[in-house]
Each structure stands twice: as structure tokens, then as C-alpha cells.
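S.K.: Next up is a structure, given as C-alpha cells.
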Amino acid sequence: MEQRFTEQSLIGDIVTKLPKAADLLKAHRIDFCCGGQRPLKEAIEERGLDGEALLRELNTLYAEAQNKPTGNWSEAPLADLVDHIINTHHRYLNEELPQLSPYVTKVLRVHGMHHPHLSRVHKLFHELKTELEQHLIKEETGAFPLILQFADNPSPENREAVERAVRELVNEHDAAGDLIKEIREITNDFTPPEDACGTYRLVYSRLAALEDDLFTHIHLENNILFPRVLAAVKE
């Protein structure tokens with residue numbers, strides 16, 4: 001079997017070439033969005049994983065995927081990728097964040113006395129909510145139009161502005177990623193206690209789904225959109 005990936009493969013590149021790898025990496029708690037620009041070897045050592053077994057799984061998935069071609073965002077027009085991010089991931093966040101907020105508050109109010117960690121979950125979630133809402137506005141009204149303008153007119157002025165915008169967005173992605181990772185840690189991988197009520201379980205389930213969508217969202221930007229734009233900047 002062809003060894004498409006090695007321990008030196010960048011994590012983000014693995015998911016870019018094999019989107020299905022995201023599920024496997026997530027199962028091993030390997031960050032493929034904010035931590036996508038480091039070699040797989042670092043994550044294997046950090047998590048104490050069986051590197052040979054993981055690579056075998058990844059390369060098997062890759063071989064299977066060659067017979068099931070899917071859409072390739074690495075080659076799609078930038079405008080299509082931006083539209084996909086806005087219409088899929090921005091739309092999800094704009095709907096989910098305000099809907100989930102009152103449930104997070106209700107669980108704290110009802111169960112906070114006996115589960116004090118919920119106070120921290122509440123605080124972190126609302127920090128994340130505020131940061132993401134502002135981040136989406138920045139992308140849609142500033143950064144994304146600038147990226148598409150640069151694609152049409154790669155002038156020196158646009159080049160400098162694009163580089164600055166991408167740096168700012170990556171930093172904000174790192175901050176959001178850190179918040180959701182801390183929520184995961186505090187909630188024991190979004191595992192509700194045995195005595196949790198339906199709303200308690202609902203909140204944990206939706207936080208897990210939020211993390212899943214956010215990681216895919218950040219991956220598309222950090223590991224596909226931004227590198228493509230910055231490659232054009234260097235030309």
C-alpha cells in the first residue's frame with residue numbers, strides 16, 4: 001500500500017488531502033485546525049499514540065478515498081470556497097450561538113450549585129460566542145472581500161493588507177480554538193454526569209457539535225484558504 005502520509009506530514013495537509021481523516025484525528029484528540037501547521041510526529045508523541053497504527057489507518061483511508069473522489073477545496077475558485085464558508089459555517093454559528101446561549105445559562109442556574117465547573121463553562125462559552133460573532137463580521141465585511149479583491153487585482157497595496165488580515169484572523173482562530181478546547185477539558189470530553197437532565201445532556205451534545213463544526217471551519221481557512229491566498233501574495 002502506498003504510504004501517502006508519514007510522521008513528517010503536516011497535520012493540516014493530511015486533512016486537506018483526506019477530509020475523512022478529520023474524524024480519525026479528532027478521535028485521538030489531535031488538533032488539525034489551529035495546530036495544523038505542525039508535523040504529525042509531534043502530536044503522536046504529545047498524545048502518546050501508536051504512530052505506526054495511526055499512519056496505517058490514515059494511509060488505508062487515503063487508499064479507499066481514491067476510489068471515491070469528492071470535492072476539492074484546494075482547487076475550487078476562491079470565491080466558491082469563501083461562499084461555502086459563509087453559507088455553511090458562518091450560517092451555522094449565527095444560528096447556533098444565540099440558540100444555545102440560554103440553555104447554557106439554564107444549566108448553570110439549575111445545576112451550578114452541585115456542579116461548580118458549569119460556572120466556568122458558562123463564562124468560556126459566552127467569551128467564545130462574543131469572539132466568534134465579532135470574528136464573523138470582520139471576515140464577511142472586511143477580510144473576505146479583501147481576499148477576493150486581491151485575487152482579481154494583486155497590487156502591492158492589496159498584498160500588504162491581505163497579509164495583515166490573514167495574520168489577525170489566524171490569531172483569532174487560535175483564541176477561539178483554545179476556548180473550545182478548555183470547554184472540552186472541563187466537561188470531560190463533553191461527557192455529562194450520570195444524573196444529568198435532558199437539558200444538561202443537550203448542552204453537552206451541542207457543544208460537541210459546535211466544536212466539530214468550528215474545527216472544520218478553521219481548517220478550511222487556516223489550511224486551505226489562507227495558504228492559497230498567501231501563495232499568491234508571494235508570486
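The values are calculated or read from the model by the stated rules, or taken from the named source; none is laboratory data. Note that the structure is a prediction, hence the values are computed from the model and not measured. When we count neighbours, we look across all protein chains shown, and the Cβ atoms used for this are built from the backbone with ideal geometry, even at glycine. Just the protein is used for accessible areas: all its heavy atoms, side chains included, with ligands, DNA and RNA removed. Shrake-Rupley method; radii C 1.70, N 1.55, O 1.52, S 1.80 Å.
S.K.: About the Cα centre of region 101-235, how large is the charge dipole given +1 on each Lys and Arg Cβ and -1 on each Asp and Glu Cβ? Please answer in debye to the nearest 20.
M.R.: Charge dipole, region 101-235, about its Cα centre: 400 debye, nearest 20.
S.K.: Can you show me the helix-derived [θ] at 222 nm for the chain, built from DSSP H runs with n ≥ 4 at -39,500 (n - 2.57) apiece and divided by the number of residues, rounded to the nearest 500.
M.R.: -22000 deg cm²/dmol
S.K.: Sort D152, D178, D31 by accessible area with a 1.4 Å probe, largest first.
M.R.: Ranked list, largest accessible area first: D152, D178, D31.
S.K.: Might you report the magnitude of the Cβ-based charge dipole of the chain about its Cα centre, with Lys and Arg at +1 and Asp and Glu at -1, to the nearest 20 debye?
M.R.: Roughly 440 debye for the chain.
S.K.: Another question, then. Counting only protein heavy atoms and a 1.4 Å probe, tell me what percentage of region 52-143's accessible area is made up of carbon and sulfur.
M.R.: Accessible surface attributable to carbon and sulfur in region 52-143 totals 53 percent.
S.K.: Compute the projected area of the convex hull of the Cα atoms of region 46-125, averaged over all viewing directions, and report it in nm² to one decimal place.
M.R.: The directionally averaged projection comes out at 9.6 nm².
S.K.: Considering the Cα positions of the chain, please state its Rg to one decimal place and its Dmax as a whole number of Å.
M.R.: 19.2, 60
S.K.: Binning every alpha carbon pair distance of region 14-64 at 10 Å from zero, what are the percents per bin?
M.R.: All Cα pairs considered, the percentages come to 25, 64, 10.
S.K.: Counting only heavy atoms of the protein chains, get the accessible area per residue of region 66-166 (1.4 Å probe) and round it to a whole Å² value.
M.R.: Ligands and nucleic acids excluded, the figure is 58 Å² per residue.
S.K.: In units of 2.2 N^0.38 Å, what is the alpha-carbon radius of gyration of region 139-235?
M.R.: 1.45
S.K.: What is the distance in Å between the Cα centres of region 178-197 and region 31-55?
M.R.: 23 Å
S.K.: Per residue, how big is the convex hull of region 69-111 when only Cα atoms are used? Give it in Å³.
M.R.: Residue-normalised Cα hull volume stands at 92 Å³.
S.K.: In square angstrom, what is the accessible area per residue of region 2-52 with a 1.4 angstrom probe?
M.R.: The answer is 51 Å² per residue.
S.K.: Something else about it: From the cross-link list K26/K123; K20/K123; K41/K106; K41/K138; K17/K181, which pairs have alpha carbons spaced over 31 Å apart?
M.R.: Over 31 Å apart, Cα to Cα: K20/K123; K41/K106; K41/K138.
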